[in-house]
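Each remark here refers to the structure printed beneath this line.
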Amino acid sequence: MYSEKRNILELAALLLRYGITDVVLCPGSRNAPIVETLAAHPAFRCHPVTDERSAGFFALGLALDGGRPAAVCCTSGSALLNLHPAVAEAFYQQVPLVVISADRPRVWIGQMDGQTLPQPGVFGGLVRYAADLPEVGDEESAWYCNRVINEALAACRRGGGGPVQINVPISEPLFRLTEESLPEVRVIAHHDGMDEELRRRLAVARRPMVIVGQCPEGRLEGIDPRWKDRMVWLAEHPANFGWGAACSRFDTLLYALGHEGEEACAPDLVITLGGHIVSKRLKTFLRNHPPREHWHLTFAEQGADLFRALTAVVHASPRDFFAGADPLETNPDGAFVALWRDGVARIPKPEFGYSEMECIGRIVEHLPRGSRLHLGNSSVVRYAQHYDLPEGVGVCCNRGVSGIEGVLSTAVGCASAGHRLDFVVIGDLSFFYDMNALWNDSLGPNLRIVLLNNGGGEIFHALPGLEQRASTGRYVVAEHRTSARAWALERGLDYMAVEGAETLAEAVARITSPTPGPRPLLLEIFTRKEEDVRLLRAYYHQLK
């Protein structure tokens, strides 16, 4: 019989799936549920050693003999510190060693409870990965527990191998051994490129989907164009993905379909590449309808389990990955591909009237070829997805953490190279937060700034459950009556202002002119936040 603790069951099952069956067991009460579970399974070879310092080196010797990872399990407190010498040796010899440390509940650390000290990360830089498991109480914590164990056990072997720590908090009661079997667990495999196993699994996928996250310009060049008809491709503007087959307005399509139409759009295989994805709706859709498989292409040691369905981390460039298989050997469901592509094509071009959205659209659609567009976070990057980019326009956006600080400074730094026209479309809070970006001697005439000023943070009006109390505008939305005019003129920029539809066309024509002027240019567009929100809601209502 095995422990009832779900984090212990998950750990034991994954140790087996990774082929880690040699385990050195040290005595103690807090680790007893782990010890009893491992000792009860016939596949584990358990080696009892009382002295933890000796146990660590004993496990090191087991791993050295066959090159396969070995594990050592100890109780909480100073017992763990005695493994430090063996961990250091394993690190510098690149020996795959798994340290399993039982721990007291987090709430009792530092509270004068017995055998407690801060155990997570205690080995510092001498381990390749330090996992601190949750005490599983719901499906989200179960998913997290599975993911971090997978990440630790994968890190133990990759890059030549090395030690990892898996810390296991265990609450009392400790000795309920009530489970008759270990659970079925998800294994996140690692592949160095498109191997035979992935080719076989790709060939049987009927609803394959590729999601391209943020990528620098040029990163996705060289992919065989025959792939574009063999799967659904989703790419937002920050992906810098030039294929016409890519669906950039998928967020709007998902809204139009509603929950009742999502099932028909659900993929069975998702391949992700690049960085962050803007659309929260897409993330929610795939978490509610998880694919059978999710492969993430990355050169990082660990993949991103964005949809809670990750099954493979593939260490390869997009070009090399897709070059490893023949697109004609795949067998996609044509109706599935058409559902996405035709659905996006049927979405009407938005006609908002004078608003922040309409102004963004006018700018985006009139950008000159070869220019570069810097998108502000929050509303701006989302509204820009409603419009098609002209060919040959690159896109930059600080989506790594998605903060508003430094949006303008990043664009100014990029533009200072002076190789192309750089357009910045930015909201008012982002601009004024980073207005010292213009306190800079490197401003050049190739810089064009479009400031969308509607007196506060519009994105907050879209948050579900946010009640518009009297304090909301002041403390949450940060409403203001500030203009950039004086600052722009003081810094030597040409300045224009638009306050209505009658002057918008002329201002757009001037700021998107491919001919650089003598100075940087700032266009401040004033709209009313309440009208922006009303028009946006009306547009989405008509999609239903």
TODO: Identify, from the list 103, 113, 65, the residue that is closer than 20 Å to residue 163 by Cβ and either free of Cβ contacts under 8 Å to residues at least 60 places away in the same chain or surrounded by fewer than 18 Cβ atoms within 10 Å (Cβ to Cβ) (or both).
DONE: 65
Open item on the list: Is it the case, given these coordinates, that residue 182 is in contact with a His (Cβ under 9 Å, 6 or more places away or on another chain) and in a loop (DSSP other than H, G, I, E, B)?
Closed with: yes
- [ ] Output the number of residues of the stretch 229-246 satisfying the condition of being open to solvent by less than 10 Å² (accessible area, probe 1.4 Å) and not aliphatic (A, V, I, L, M).
- [x] 2
Open item on the list: Name the single residue that is modelled with the lowest pLDDT among those in the stretch 187-222 being closer than 24 Å to residue 282 by Cβ and surrounded by fewer than 20 Cβ atoms within 10 Å (Cβ to Cβ).
Closed with: 219
- [ ] Would you check which residues across the stretch 124-161 are part of a loop (DSSP other than H, G, I, E, B), more than 24 Å from residue 299 (Cβ to Cβ) and open to solvent by 10 Å² or more (accessible area, probe 1.4 Å) and list them?
- [x] 134, 135, 136, 137, 138
Open item on the list: Would you confirm whether or not the stretch 315-330 contains a residue that is without any contact (Cβ under 8 Å) to a residue 60 or more places away in the chain, part of a helix (DSSP H, G or I) and either hydrophobic (A, V, I, L, M, F, W, C) or open to solvent by less than 10 Å² (accessible area, probe 1.4 Å) (or both)?
Closed with: no
TODO: Search the stretch 1-27 for residues that are closer than 17 Å to residue 169 by Cα and open to solvent by less than 30 Å² (accessible area, probe 1.4 Å) and pair each with any residue that is among the aromatic types (Phe, Trp, Tyr) and not in a helix (DSSP H, G or I) when their beta-carbon atoms are under 9 Å apart and the residues are at least 6 apart or on different chains.
DONE: 3/175; 8/2; 9/2; 12/2; 12/44
Task: The lone exception for residue 510 - which of (1) of a type in the set (Lys, Arg); (2) part of a helix (DSSP H, G or I); (3) exposed (fewer than 12 other Cβ atoms within 10 Å of the Cβ) it fails - done: (3)
Open item on the list: Filter the stretch 254-297 down to the residues that are of a type in the set (A, V, I, L, M), more than 23 Å from residue 540 (Cα to Cα) and touching a residue at least 60 places away in the same chain (Cβ under 8 Å) and list them by number.
Closed with: 269, 270, 271, 273
- [ ] Filter the stretch 345-364 down to residues that are over 21 Å from residue 526 (Cβ atoms) and either open to solvent by less than 10 Å² (accessible area, probe 1.4 Å) or free of Cβ contacts under 8 Å to residues at least 40 places away in the same chain (or both), then give me how many there are.
- [x] 4
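The values are calculated or read from the model by the stated rules, or taken from the named source; none is laboratory data. As the structure is a computational prediction, the values presented were derived from the model and not from experiment. Heads up, the Cβs are rebuilt from the backbone with ideal geometry, glycines too, and the neighbour counts pull from every protein chain shown. When the accessible area is computed, the model is the full protein with side chains, heavy atoms only, and any ligands, DNA or RNA have been set aside. Shrake-Rupley method; radii C 1.70, N 1.55, O 1.52, S 1.80 Å.
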